[in-house]
Amino acid sequence: MKKALLLGTTGIAVALAMLAFGFVAGSPQIAKAGTAQPVQTTQPVQIAGADTKINRTEVEGIIRDYLLKNPEVLLEVQDALQAKQKEEQRIAALGVIKNAKEQIFNSTFDGVVGNPNGKVTIVEFYDYNCGFCKRAIEDMRALTKADPDLRFVLKEFPILGPDSQKASVVSMAFHLMKPEKYGEFHNALLGGQGRATEAAAIKIALSLGADEATLREKMKDPSITEAFSKTYDLANKLAITGTPSYVVGNEVVFGALGQDVLAEKIEAAKAAL
């Protein structure tokens, strides 16, 4: 990790070192690293705007000396890089949310709990075998109970293997048959003990009144596969790679950050209406 950090920040460190040691336009003074004279190379480096050429060994020595004396620079550069990437990701997500608003917030394949006509919507990307999602189900329950104007959309995003995919197929088939009972199904499967599988999902669906033959036929509906494909593509555009992840207003929230954080994001979304 340290090596990757060094490689990733060398370019910026070079600029910092050159600035610190006087390698700027119109400043020909050269500071040496240490007391030993560097070995001359046949490949001089021309500093833009300067009259003086310095050799590569001198540059490398200066950079090394500067970074050894000021290692905190690497952390500062890494923090700046992460902040820049985060901001770029936020701006990119804004465009995706704007262009795919219907698919994100109003897909017919997504289950809805809370107030279906609520003014504020939070969308959760989840996997039935995600341990963090299992714990985060309590956040959903608490938030929808506390806020009667909250619409909570559940977006199937099975990424943890074949069991998750098969369980989600049953889930989506059940939703097509009995959307009014989808919340109960979701709570039972995600909130239950053990691994979510096709068999476990079918058992819950039957307990909630689904006809098995009809359910199995619905599981073959090609629109379910199409819906998965669209969700994976959407997640990729939003830079979502894990579960749970949320879309609240114009913001993507990554990870199980807890009820309080989500409540803050919901209030911010309300304020932006």
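The values are calculated or read from the model by the stated rules, or taken from the named source; none is laboratory data. Note that this is a predicted model, so its numbers are computed, not measured. Please note: Cβ atoms are built from the backbone with ideal geometry, for glycine as well, and neighbour counts cover all protein chains shown. To get the accessible areas, we keep the full protein, side chains included, count just its heavy atoms, and leave off ligands, DNA and RNA. Shrake-Rupley method; radii C 1.70, N 1.55, O 1.52, S 1.80 Å.
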**Complete:** Of Ser245, Ser107, ordered by accessible area with the largest first and a 1.4 Å probe, the sequence is Ser107, Ser245
**Prompt:** Amide H to amide H under 5 Å from Tyr126: which residues, 5+ apart in sequence or cross-chain, H placed 1.01 Å off N in plane?
**Reply:** Lys155, Phe157
**Message:** Shape verdict for the range 89-162, please, from the Cα gyration tensor: rounded (a/c under 1.5), prolate (a/b greater than b/c) or oblate.
**Reply:** oblate
**Message:** Using a Cα-Cα cut-off of under 16 Å, which aspartates and glutamates could be cross-linked to Lys203, ignoring same-chain neighbours fewer than 8 residues away?
**Reply:** Asp163, Glu184, Asp211, Glu212, Glu217
**Request:** Using a 1.4 Å probe and counting only protein heavy atoms, arrange Lys134, Lys69, Lys101 so the residue with the most accessible area comes first.
**Result:** Lys69, Lys101, Lys134
**Message:** Could you compute how much accessible surface Arg151 exposes when probed at 1.4 Å, giving the result in Å² to the nearest 10?
**Reply:** 30
**Asked** Which shape class, rounded, prolate or oblate, goes with the range 200-273 when its Cα gyration tensor gives a ≥ b ≥ c as root eigenvalues, a/c under 1.5 marks rounded, and past that a/b bigger than b/c marks prolate?
**Response** prolate
**Table column - 3J(HN,Hα) (Hz), the range 138-152, Karplus curve with 6.51, -1.76, 1.60, x for Gly and Pro** = 5, 5, 4, 4, 5, 5, 5, 6, 6, 10, x, 9, 9, 9, 10
**Asked** Tell me, what is the FRET efficiency for Ala80 and Lys230 to the nearest 0.05, using R0 = 45 angstrom and their Cβ-Cβ distance as r?
**Response** 0.80
**Prompt:** Given Lys155/Lys181; Lys178/Lys237; Lys119/Lys265, which pairs have Cα atoms separated by over 25 Å?
**Reply:** Lys178/Lys237
**Fill in**
Rounded to the nearest 5, the percent of DSSP beta bridges in the range 77-208 running antiparallel is 35
**Prompt:** So what J values fall out for the range 118-127 if you push phi through Karplus, 6.51 cos²θ - 1.76 cosθ + 1.60 with θ = phi - 60°, rounded to Hz, Gly and Pro as x?
**Reply:** x, 6, 10, 10, 10, 10, 10, 8, 9, 10
**Asked** Hey, any idea what % of the range 127-273's accessible area is carbon plus sulfur with a 1.4 Å probe?
**Response** 52
**Request:** For Met172, Met219, write out the residues from largest to smallest accessible area, computed with a 1.4 angstrom probe and no ligands counted.
**Result:** Met219, Met172
